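Below is one structure, written out as structure tokens; comments come after it.
Please treat every number below as a calculation from the coordinates, not as lab data. Predicted model, so just to flag it, every value in this text is computed and none were measured. Cβ coordinates were reconstructed from backbone atoms using ideal geometry, including for glycine residues, and neighbour counts include every protein chain displayed.
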Amino acid sequence: MDTKNNNKTLRLFVAVPVPKKVALFLEGVQNALKKKGFKASWSRMDTMHLTLKFMGDTSAEKVDSIMAALEQTAAAHEPFELRARGVGVFPSVKKARVIWTGVRSENEILSDLFRVLDMNLEKAGIPRSRKRFSPHLTLARLKTRVDSRKILEVIQEFQEAESKKFECACLDLYQSVLGPSRAVHTRLFRATIGGQRI
């Protein structure tokens with residue numbers, strides 16, 4: 001990607017793609033939640049992804065360095081398996097605004113990948129993340145306040161819900177353009193983990 005002499009900014013993030021089998025699982029959880037009567041904006045399954053690092057408005061001149069950071073991170077790891085499990089909310093049960101399902105890996109491999117990615121991106125001029133890494137897939141954004149007892153019931157009901165395992169085999173760099181109804185995501189670059197072809 002040619003970014004020379006380009007002073008514009010791009011809204012960027014790094015993510016892991018979510019396969020169709022996991023999207024179908026998430027859609028099933030969404031449908032069950034809709035029956036609970038939540039008034040919410042529901043995430044689209046055809047654009048579902050696991051965000052590792054949201055960078056926001058970033059100088060286009062940094063894109064080459066960011067792509068190099070993704071390649072360096074990917075080369076330092078081997079592909080590994082992930083799974084989506086359970087339901088949770090942000091920021092808290094009493095003030096729930098976002099409903100999500102968590103993403104887990106064996107032996108904290110995903111957390112290690114994020115730590116290395118964050119470190120490599122810092123070298124590319126991207127500030128380190130201040131928030132605790134909490135990998136998740138957003139299911140819905142609540143439009144109204146929900147009684148905490150109902151939230152707790154939902155969390156308990158779905159605590160054992162688990163997707164099929166899927167492979168974390170690449171890191172994708174996306175540009176996000178905000179539109180009148182939704183954001184449009186365009187993949188700019190893909191770094192394959194372990195250098196394998198996918």
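For the reader, a short list of remarks on this structure follows.
- Each Lys and Arg adds +1 at its Cβ and each Asp and Glu adds -1 at its Cβ; summed about the Cα centre, region 9-195 shows a dipole of about 1140 debye.
- Helix 63-75 axis, angle to the chain major axis (alpha carbon atoms, nearest 10°): 70 degrees
- Taking amide H as placed 1.01 Å from N in the peptide plane, the amide H of Ala96 sits under 5 Å from that of Val146, each at least 5 places away or on another chain.
- Trypsin sites (Lys or Arg not before Pro) restricted to region 125-198 and DSSP loop, no more than 16 other C-beta within 10 Å: Arg128, Arg130, Lys131, Arg132, Lys143, Arg145, Lys164, Lys165, Arg182, Arg197
- The Cα atoms of region 1-81 give a gyration tensor whose axes a ≥ b ≥ c have a/c of 1.5 or more with a/b no greater than b/c, which makes the shape oblate.
- Each stretch of four or more DSSP H residues adds -39500 (n - 2.57); spread over every residue of the chain, this sum gives -8500 deg cm²/dmol at 222 nm.
- 0 to 90° range, to nearest 10: angle between helix 109-123 axis and the chain longest Cα axis: 40 degrees
- When only the Cβ of Lys, Arg, Asp and Glu is charged (+1, +1, -1, -1), the dipole of region 99-186 relative to its Cα centre reaches about 520 debye.
- Our summary of shape: the Cα atoms of region 38-169 have principal axis extents of 46, 31, 27 Å, ordered from largest down, in whole angstrom.
- Helix 148-157 axis, angle to the chain major axis (alpha carbon atoms, nearest 10°): 80 degrees
- Filtered GluC sites (Glu not before Pro), region 147-198: DSSP coil and at most 12 other beta carbons within 10 Å: Glu160
- Cα lying deepest toward the dipole's positive end in the chain, options Ala191, Thr47, Pro91, charges on Cβ: Pro91
- With the simple model of a label 7 Å out from the Cα in the direction of the Cβ, Lys131 to Val184 spans 2.6 nm.
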